[in-house]
1. Considering the range B:49-77 alone, what residues qualify as being at pLDDT 90 or above, surrounded by fewer than 20 Cβ atoms within 10 Å (Cβ to Cβ) and over 28 Å from residue B:356 (Cβ atoms)?
2. Quick check: anything in the range B:16-33 within 13 Å of another protein chain (Cβ to nearest Cβ) and closer than 30 Å to residue A:59 by Cβ?
3. Which members of the range B:45-62 meet the condition of being at the interface with another protein chain (Cβ under 10 Å from one of its Cβ atoms) and in contact with a Leu (Cβ under 9 Å, 6 or more places away or on another chain)?
4. Could you check the range B:261-294 and list, in sequence order, the residues that are under 27 Å from residue B:455 (Cα atoms), modelled with pLDDT of 95 or more and small (Gly, Ala, Ser)?
5. Which condition from (1) surrounded by 18 or more Cβ atoms within 10 Å (Cβ to Cβ); (2) facing chain B (nearest Cβ under 8 Å) is the one that residue A:46 breaks?
6. Out of the residues in the range B:109-153 that are surrounded by fewer than 24 Cβ atoms within 10 Å (Cβ to Cβ) and among the hydroxyl-bearing types (Ser, Thr, Tyr), which is nearest to the other protein chains (Cβ to nearest Cβ)?
7. Being touching a residue at least 12 places away in the same chain (Cβ under 8 Å), surrounded by fewer than 24 Cβ atoms within 10 Å (Cβ to Cβ) and on the phi < 0 side of the Ramachandran plot is true for just one of B:217, B:156, B:209. Which residue is that?
8. Looking only at the range B:441-455, decide whether some residue is more than 30 Å from residue B:378 (Cβ to Cβ), among the hydroxyl-bearing types (Ser, Thr, Tyr), out of contact with any Pro (no Cβ under 8 Å at 6 or more places or on another chain) and not assigned by TED's automatic domain parsing to the domain that holds residue B:301.
Amino acid sequence: MKSLEELMAIREKARQGMGIRNDKHEGTRVVVGMATCGIAAGARPVLSALVEEVSKENLDIQVGQTGCIGICQYEPVVEVMEPDKEKVTYVKMTPEKAIKVVHKHLMGGEVVQEYTIGRVGK
Amino acid sequence: MVRSHILVCGGTGCTSSGSPAIIRALEEQLNKSGLSDEVKVVQTGCFGLCALGPIMIVYPEGTFYSMVKVGDIPEIVEEHLLKGRIVTRLVYDETVQESGEVASLDDTGFYKKQMRVALRNCGVINPEDINEYIAYDGYQALGKALTQMTPEQVIEEIKTSGLRGRGGAGFPTGVKWSFAAAQPKGQKYVCCNADEGDPGAFMDRSVLEGDPHALIEAMAIAGYAIGANKGYVYVRAEYPIAVHRLQVAIKQAKELGLLGEGIFGTDFSFDLEIRLGAGAFVCGEETALMTSIEGNRGEPRPRPPFPAVKGLFGRPTVLNNVETYANIPRIILLGAEWFNKIGTEKSKGTKVFALGGKITNTGLVEVPMGTTLREIIEEIGGGIPGGKQFKAAQTGGPSGGCIPAKHMDIPIDYDNLISIGSMMGSGGLIVMDEDSCMVDIARFFLDFTVDESCGKCTPCRIGTKRLLEMLDRITEGNGKPGDIEKMEDLCHYIKENALCGLGQTAPNPVLSTIRYFRDEYEAHIYHKTCPAKVCKSLLNYTIIAEKCTGCTLCARVCPVGAITGTVKQPHVIDHEKCIKCGACMEKCRFGAIVKE
């Protein structure tokens, strides 16, 4: 160890991924419906794609799973919960759609209307 | 990509209740479900709530599962990690709210009033991964001290913080360091006392097991402050997990150049070695400890000269306890002002207590100095099981004394404890209820010190033995009038004349129980009764004829055939034959047998 800067560089690297251990996270949360219906409809790859993309872009966003919310015909379902904003529900998701949501919605702040339950349901 | 961390306690408590098997089962099950790349299993140090082990926390949800068994693992993986449904039946019930929602662990009775400084990383990081320690600000304090502060500034910071030795005596740490720093240049040493010997105390072990790098960092800081380039950690061999983790940590620190030559690009070098103790209580005394490191029989020597002047191998030495060191990096990093705000006027910071005895939440708690015994026992400790009454708490182990119920609301700090005849000690806190006999407790601790006395000085070697003989007599019903006064005289004599801390404090349990529970001693001596019904020689088991149905069960379980009677007729116990094992009372379904 030659300098404090060297230590801080190790620290930054080590901190990546440790954010998971903060259960008082107050930022945006993204959850994927992972009940039997969700898994059958392909929720697993959607979850993996979300986790991977969020971590690749180094976003301070928590990705988790949840149970069935009762709209099994629309699975896989992804919900985005931002502080002080209304919840956005995306339905019939795929890994490709999920990646688009990360870029447009989570990074760009623009809801991808075409995937939301309001559009797809009609 | 990892989306979830499972932290499983790998402290000694949870390890003995089976956490290694749980980790193996988790990894196996995750592999089977194809989740190995998404879920990371981390073995950590102690969470503190040892009574509920094995313990694990699942993040990001922060779900706290307690008393987990290997058989529960498939359900946890399938339900929680795959489907995101928390397995509520395994969740620590204090975190489950009325609505069924799972609340944060920090809001539970056990954790709410705690403040973790020394234990900050225990149960939070993987102690065998230096990167996790660094991620939680590890080694920044050492970097700051070496590159931005002079040794004098480091000592001044510790002095200002008001930190006092956590090993028991409470000597100001900064002052101790300044004595060693003031000695002429030359070979100096930094030592750590990890020879935790008090029955019931295990905070030092937990720090070593859960956060070994904190100790390494602090000892290096101490080395810089006093001008020492070599350190020794004296740890008892009965702590194999702690020793292993410390070895791993030292190796990792050396690999990153945090121990060794020219640390942080300065000309400061520091090396650390472990010395194993064989478990003699006296080796927790500082001069005996250093004698033992030197390779000699662990016996104390008179002070002065104090270790800061003439210590290990005759050189100036700073010796602190593990918990004291665990506070150092925080103080350097966050400043003396920050530390100074915690605690009472003369006792700053926090103190770790090992809760044991008759208490619901057995385990390790860290509270700000000034917290009352009532808060620790009733709120954090969850009270006494079985609706029993609190009688007293023993602090300081065999060197300390008891605190009776009337002093439950005194803010706990070094000086208050001494004023009521006890002492902080290393922080063992044994809770006793109405079923504990105070004479028997004093006898228990004396039995321990007699065993552990090194025998070098007469007051301790013979004095404690004579004390124990008197206590034995009293508990056997052979106490004589005047015994109490005789014991008091002998206690004071031992305290004044013993060579080291072991002997000087050995009479404390006797003195404090006489001070607060003299009536119990008198009952044993004058009335030949044991009010708490513990001392066997003073008890008699009797059958209440009106309640006895003559079922013959007691007669059949009695191992010595002391119970006689015919079927459906009241039975009788022969007191001459009875060995007072209590088997009959345990078996009787009608409550017909009493001890008095």
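1. Passing the criteria: B:71, B:74, B:75.
2. Our first condition is that a residue be within 13 Å of another protein chain (Cβ to nearest Cβ); within the range B:16-33, this holds for B:33.
Adding the requirement that they be closer than 30 Å to residue A:59 by Cβ leaves B:33.
Taking every residue of the range B:16-33 in turn, at least one turns out to be within 13 Å of another protein chain (Cβ to nearest Cβ) and closer than 30 Å to residue A:59 by Cβ.
3. Taking the range B:45-62 as the starting set, the residues that turn out to be at the interface with another protein chain (Cβ under 10 Å from one of its Cβ atoms) are B:57-62.
Listed by number, the residues that qualify are B:57, B:58, B:59, B:62.
4. Once the filter is applied, which keeps residues that are under 27 Å from residue B:455 (Cα atoms), modelled with pLDDT of 95 or more and small (Gly, Ala, Ser), the range B:261-294 yields B:288, B:292.
5. Just one mismatch for residue A:46, condition (2).
6. Selected residue: B:147.
7. B:156
8. Within the range B:441-455 (the criterion being more than 30 Å from residue B:378 (Cβ to Cβ), among the hydroxyl-bearing types (Ser, Thr, Tyr), out of contact with any Pro (no Cβ under 8 Å at 6 or more places or on another chain) and not assigned by TED's automatic domain parsing to the domain that holds residue B:301), the answer is yes, since at least one residue qualifies.
The values are calculated or read from the model by the stated rules, or taken from the named source; none is laboratory data. These numbers come from a predicted model, not from an experiment. Positions of Cβ are backbone-derived with ideal geometry, glycine not excepted, and every protein chain shown enters the neighbour counts.
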